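Colleague: Questions regarding the structure given below will be posed in turn.
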Amino acid sequence: MSGNTSRERYEAFAALHEQNNVFVMPNAFDGLSAAVFAEAGFKAVATSSAAFAATLGRLDGRHAISRDEHLAHAQLLSRTSRLPVNGDFEDGYGEAPDDVAATVRAAIAAGLSGIGIEDTSANPDQPIRDFDEAVERVRHAAAAARGQIVLTGRTDNFIQGRPDLDDTVRRLTAFAEAGADVLFAPYLPDLDAIATVVKAVAPKPVNVLMGWSSGTFTLDDVQRAGARRISLGVDPYLHSLSALRTAAGKLAGGDLAALPTTMGFELLQAL
């Protein structure tokens, strides 16, 4: 357990980014998955906007989840894990920079230890916000976050079909200068790209996403590239669904033993 109060959890989370070794921050998708990660010994967990949206039958990145819904979800993960929680809060839930600052303040009030603000727009025709607008949103978020919550500034260029490393570095550098504590660009294509980002925003820490299109990096690879934090995104949720989908196919074919209760109901209750 990282601490009983919100302040203690925030300080423990911030300290993780100051150590020399990279740490893994898995993304939980419900209360029990957060408890499982805590039992395994992780020091912090994160929400995944994609996984949370999917559990509600909605699409990620389309403003289909409200700020209040995501705050309640993050608080659930905090209660069941008793760990610092980093909120994957899409674009900050609002059109104006002041709205983003209000979201950060709400996350602080809800007891979160970290929050991510990305440069997406929820508009499929123009999914990435203009540079100046994106920077201003991070600037307002940083003013609200300072000393109370770890702010991650994130650009989704590579996720949204804009594999422009130069623009990615430009955005992350500007987010760092605007006050973001951690910088993040999901699905950088290789270790050289990670190292380029790390060098550009140094000494601020960089988060790397390990996922279905991020390459086959090891923890040592990421450590050598200089990143400080690894998140898993939607992958823990997809892993659980993949196991269920395989078992469902067998069960539909008549295999009544396709759903082994390997964890056991007693452990579920204990967690």
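Colleague: Pairs needed: first member in segment 153-164, modelled with pLDDT of 95 or more; second member anywhere, assigned to a strand (DSSP E or B) and small (Gly, Ala, Ser); C-beta distance under 9 Å; at least 6 residues apart or different chains.
Modeller: Listed pairs, sorted by first residue: Gly153/Gly116; Arg154/Gly116.
Colleague: Let me ask something else about it. Please indicate, with yes or no, whether at least one residue in segment 125-137 is within 26 Å of Ala44 (Cα to Cα) and either in contact with a strand residue (DSSP E or B) (Cβ under 8 Å, 6 or more places away or on another chain) or surrounded by 18 or more Cβ atoms within 10 Å (Cβ to Cβ) (or both).
Modeller: First pass over segment 125-137, keeping only residues within 26 Å of Ala44 (Cα to Cα): 137.
Applying the additional criterion that residues be either in contact with a strand residue (DSSP E or B) (Cβ under 8 Å, 6 or more places away or on another chain) or surrounded by 18 or more Cβ atoms within 10 Å (Cβ to Cβ) (or both) yields 137.
Scanning segment 125-137 turns up at least one residue that is within 26 Å of Ala44 (Cα to Cα) and either in contact with a strand residue (DSSP E or B) (Cβ under 8 Å, 6 or more places away or on another chain) or surrounded by 18 or more Cβ atoms within 10 Å (Cβ to Cβ) (or both).
Colleague: Hey, among Ile194, Ile159, which residue is of a type outside the set (D, E, K, R) and within 19 Å of Ile115 (Cβ to Cβ)?
Modeller: Ile159
Colleague: Can you name every residue in segment 65-82 that is open to solvent by 10 Å² or more (accessible area, probe 1.4 Å) and either at pLDDT below 95 or part of a loop (DSSP other than H, G, I, E, B) (or both)?
Modeller: Residues satisfying the conditions are Ser66, Arg82.
Colleague: If you go through segment 153-167 one residue at a time, how many are small (Gly, Ala, Ser) and part of a strand (DSSP E or B)? Let's see the steps before the verdict.
Modeller: Going residue by residue through segment 153-167, those that are small (Gly, Ala, Ser) are 153, 161.
Then drop every residue that is not part of a strand (DSSP E or B), which leaves 153.
Adding up the residues that qualify gives 1.
Colleague: Then there is this: Can you tell me which of (1) free of Cβ contacts under 8 Å to residues at least 60 places away in the same chain; (2) surrounded by fewer than 17 Cβ atoms within 10 Å (Cβ to Cβ); (3) of a type outside the set (Asp, Glu); (4) farther than 15 Å from Ile230 by Cβ is the one Asn20 doesn't meet?
Modeller: In the conditions (1) free of Cβ contacts under 8 Å to residues at least 60 places away in the same chain; (2) surrounded by fewer than 17 Cβ atoms within 10 Å (Cβ to Cβ); (3) of a type outside the set (Asp, Glu); (4) farther than 15 Å from Ile230 by Cβ, Asn20 misses (4) alone.
Colleague: Which of the residues that make up segment 37-59 are open to solvent by 30 Å² or more (accessible area, probe 1.4 Å), in contact (Cβ under 8 Å) with a residue 24 or more places away in the chain and assigned to a loop (DSSP other than H, G, I, E, B)?
Modeller: Phe42, Lys43, listed by residue number.
Colleague: Let me ask something else about it. Counting only residues that are part of a loop (DSSP other than H, G, I, E, B) and modelled with pLDDT of 95 or more, which one in segment 189-213 is nearest to Val45 (Cα to Cα)? If you could, list the steps in order and put the result at the bottom.
Modeller: Filtering segment 189-213 for residues part of a loop (DSSP other than H, G, I, E, B) gives 189-190, 202-205, 210-213.
Next cut, modelled with pLDDT of 95 or more only: 202-205.
Details: Ala202: 24, Pro203: 23, Lys204: 20, Pro205: 17 Å.
Looking at residues that are part of a loop (DSSP other than H, G, I, E, B) and modelled with pLDDT of 95 or more, I get Pro205.
Colleague: Can I ask one more? Among the residues of segment 212-225, is any at negative phi, open to solvent by 60 Å² or more (accessible area, probe 1.4 Å) and of a type in the set (Val, Ile, Thr)?
Modeller: Checking segment 212-225: at least one residue is at negative phi, open to solvent by 60 Å² or more (accessible area, probe 1.4 Å) and of a type in the set (Val, Ile, Thr).
Colleague: Just to confirm my filter: which helices (runs of 4 or more DSSP H) fall fully inside segment 214-271 and include at least 2 residues that are in contact with a Ser or Thr (Cβ under 9 Å, 6 or more places away or on another chain) and within 27 Å of Phe13 (Cβ to Cβ)? It would help to see each step written out before you state the result.
Modeller: On the way: elements: 219-225, 235-252, 265-270.
Correct list: 235-252.
Colleague: Ok, one more. Is it the case, given these coordinates, that Arg62 is open to solvent by 10 Å² or more (accessible area, probe 1.4 Å), free of Cβ contacts under 8 Å to residues at least 60 places away in the same chain, over 26 Å from Leu271 (Cβ atoms) and outside any strand (DSSP E or B)? Talk me through it step by step, then tell me what you get.
Modeller: On the way: open to solvent by 10 Å² or more (accessible area, probe 1.4 Å): yes; free of Cβ contacts under 8 Å to residues at least 60 places away in the same chain: no; over 26 Å from Leu271 (Cβ atoms): yes; outside any strand (DSSP E or B): yes.
Judged against the criteria, Arg62 is not a match.
Colleague: Would you point out which residue out of Asp125, Asp119 is more than 19 Å from Pro203 (Cα to Cα), without any contact (Cβ under 8 Å) to a residue 40 or more places away in the chain and acidic (Asp, Glu)?
Modeller: When all the criteria are applied, what remains is Asp125.
Colleague: Out of segment 13-24, which residues are of a type in the set (A, V, I, L, M) and either under 17 Å from the mean Cα position of the chain (by Cα) or assigned to a loop (DSSP other than H, G, I, E, B) (or both)?
Modeller: Ala14, Leu16, Val22, Val24
Colleague: From the list Ser33, Ser66, which residue is hydroxyl-bearing (Ser, Thr, Tyr) and touching a helix residue (DSSP H, G or I) at 6+ places or on another chain (Cβ under 7 Å)?
Modeller: So the residue among Ser33, Ser66 that is hydroxyl-bearing (Ser, Thr, Tyr) and touching a helix residue (DSSP H, G or I) at 6+ places or on another chain (Cβ under 7 Å) is Ser33.
Colleague: Just to be sure I understand, how many residues within segment 83-103 are in a helix (DSSP H, G or I), within 20 Å of Asp60 (Cβ to Cβ) and either open to solvent by less than 20 Å² (accessible area, probe 1.4 Å) or among the small types (Gly, Ala, Ser) (or both)?
Modeller: Residues that pass the stated criteria total 2.
Colleague: Right, here's the next one. Show the residue pairs that are 6+ apart or on different chains and have beta-carbon atoms under 9 Å apart, the first residue being within segment 167-196 and in contact (Cβ under 8 Å) with a residue 12 or more places away in the chain, the second being crowded, with 23+ Cβ neighbours inside 10 Å and of a type in the set (Asp, Glu).
Modeller: Close Cβ pairs (under 9 Å, with a partner that is crowded, with 23+ Cβ neighbours inside 10 Å and of a type in the set (Asp, Glu)) amount to Arg171/Asp119; Phe175/Asp119; Phe184/Glu118; Ala185/Asp156; Pro186/Glu118; Pro186/Asp156; Tyr187/Asp156.
The values are calculated or read from the model by the stated rules, or taken from the named source; none is laboratory data. For clarity, every value in this text was computed on a predicted model and none was experimentally measured. So basically every Cβ, Gly included, is an ideal-geometry build from the backbone, and we count neighbours across all protein chains shown. Quick note on the areas: whole protein, heavy atoms, side chains included, nothing else; ligands and nucleic acids left out. Shrake-Rupley method; radii C 1.70, N 1.55, O 1.52, S 1.80 Å.
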